[in-house]
1. Just to confirm my filter: which helices (runs of 4 or more DSSP H) fall fully inside region 197-290 and include at least 1 residues that are under 23 Å from the mean Cα position of the chain (by Cα) and of a type in the set (A, V, I, L, M)?
2. Residue check, GLN127 against (1) farther than 25 Å from ARG335 by Cα; (2) under 19 Å from the mean Cα position of the chain (by Cα), all met but one. Which one?
3. For region 133-149, indicate whether the set of residues that are of a type in the set (Gly, Ala, Ser), in contact (Cβ under 8 Å) with a residue 60 or more places away in the chain and in contact with a helix residue (DSSP H, G or I) (Cβ under 8 Å, 6 or more places away or on another chain) is non-empty.
4. Pull up region 77-132, narrow it to residues that are of a type in the set (A, V, I, L, M, F, W, C), assigned to a loop (DSSP other than H, G, I, E, B) and in contact (Cβ under 8 Å) with a residue 24 or more places away in the chain, then point me to the one that is nearest to GLY161 (Cα to Cα).
5. Can you name the number of the only condition in (1) in contact with a Lys or Arg (Cβ under 6 Å, 6 or more places away or on another chain); (2) in contact (Cβ under 8 Å) with a residue 40 or more places away in the chain that SER281 fails?
6. Can you name the residue in region 204-224 that is modelled with pLDDT under 95 and of a type in the set (S, T, N, Q) and, of all such residues, is farthest from VAL303 (Cα to Cα)?
7. Can you give me the number of residues within region 144-162 that are more than 13 Å from the chain's Cα centre (by Cα), surrounded by 17 or more Cβ atoms within 10 Å (Cβ to Cβ) and not hydrophobic (A, V, I, L, M, F, W, C)?
Amino acid sequence: MASIRNKFPRSPYLFACYTDADGRRVQRSTKQTDPRKAQAVANQYEKAAKLASERRLGEAQARKVLSDIYEIVSNEPLATSTVREFLTKWPESRKEAISHRTHQAYTQVARDFIASLGPKAERDISQITRSDVTKYRDKVASATSVANANKLLKYLRVGFGAAWKDGLIQDNPAAKVDRLSRNTGEQTQKRPFTLAELKAILSVANPEWKSVILFGFYTGQRLADVGSLLWSNLDLVNDNIRFISGKTGRRMEIPIAPSLKEHIVTIPTCDDVNAPLFPTSYPIAINQKGDSRMSQQFYQLLVDAGLAKTRTKEETGKGRSRRRMVNEISFHSLRHTATSLLKNAGVNEAVAMDIIGHDSEAISRHYTHIDDKSKRKALAKLPKLG
């Protein structure tokens, strides 16, 4: 039977005396000065030793013993959670503080990482190791791309960082995993369109896609943000477009370029100001994976314009877990195009970055606000496409 004693005259702690798994009588500090708590800790030491001797001290039992000792010492239960429980709730706990698209990204990486763990997802989150995260990172890189693997690793670091802040883990296993270096075949960088390429794409686009492309060009905004615009986002009296960026949550106000204004008057209007500007694209753009589906549609326009090759069956599989052909131009290239043309026209970098919606050192260092007149003057320098 376990007991307690003072082992050293100068030690303030009481020691537990108990029989270990090999039947030997041992002594171990309880780190307690209260006899009642010290005896309770001693009892737990002996309980663990007995279970070990009977070969019944599995992970669950070991954690139960540790949890009991923690509760005895601190007078509160030890915070615990399985991987599945925590990562499933984590995106929802952040929903109000992050953008809709970031919430979607967190939800996806939590779901995929849980799936990669298999039965281990039911274990306590403190049992996740660096190798578990490395295995997931490498699996994603093999199935998709190094860039995607690094992006999802970044999200996992945020998730496990939240678990660390909640006291569920001692350190962040995802933070111990390095980002992968891109292979030679993945060094393709997005580049701006040439004006000839843009005109070729517009020539094969239907009326709605032509409008989407022109909005992308004259505002430099992301595909999902353009596709989800409502008529209420347009102020045609003051010639402004106002919306909140789906990725960054930034409130955007962009002057309508003269050439874009000319095109807008050709778009069929609607009496409902809350109606979508692009009726076919809108339900796709606001969907959880809408930006991916619209990107596929835009890629087909590139193919039709002779600017990209038709993807193989393997490259057009379902979901983000497939490896795709890396193309140097995409809808996102319109952001590069607008930025490049503005800079080539002599527009101040801070003004160009503010229009596009990038955080810029130039803005943070020299400007508190880019005035509307400067942005309007800059956008007037973009060439006419349609």
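1. Values: elements: 207-219, 223-227, 258-264, 282-285.
Passing ranges, in order: 223-227, 282-285.
2. So the condition that GLN127 fails would be (2).
3. yes
4. Taking region 77-132 as the starting set, the residues that turn out to be of a type in the set (A, V, I, L, M, F, W, C) are 78-79, 83, 86-87, 90, 97-98, 105, 109-110, 113-115, 117, 121, 125, 128.
Now restrict to residues that are assigned to a loop (DSSP other than H, G, I, E, B): 78-79, 97-98, 128.
Cutting the leftovers down to in contact (Cβ under 8 Å) with a residue 24 or more places away in the chain gives us 79, 98, 128.
Working: ALA79: 15, ILE98: 16, ILE128: 13 Å.
Residue satisfying both the conditions and the ranking: ILE128.
5. Here SER281 meets the rest and fails (1).
6. Only one residue tops the list, namely THR219.
7. Looking only at that region, the number is 2.
Rundown of residues vs (1) in the same structural domain as HIS103 (by TED's automatic domain parsing); (2) farther than 30 Å from TYR106 by Cα; (3) touching a residue at least 40 places away in the same chain (Cβ under 8 Å), yes/no style:
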position: LEU223; (1), (2), (3): no, no, yes
position: LEU236; (1), (2), (3): no, yes, no
position: THR248; (1), (2), (3): no, no, yes
position: MET252; (1), (2), (3): no, no, yes
position: SER259; (1), (2), (3): no, yes, yes
position: ILE267; (1), (2), (3): no, yes, yes
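The values are calculated or read from the model by the stated rules, or taken from the named source; none is laboratory data. Nothing here was measured: the structure is a model prediction, and the numbers come from that model. No Cβ is skipped: glycine too gets one built from the backbone with ideal geometry, and neighbour counts run over all protein chains shown.
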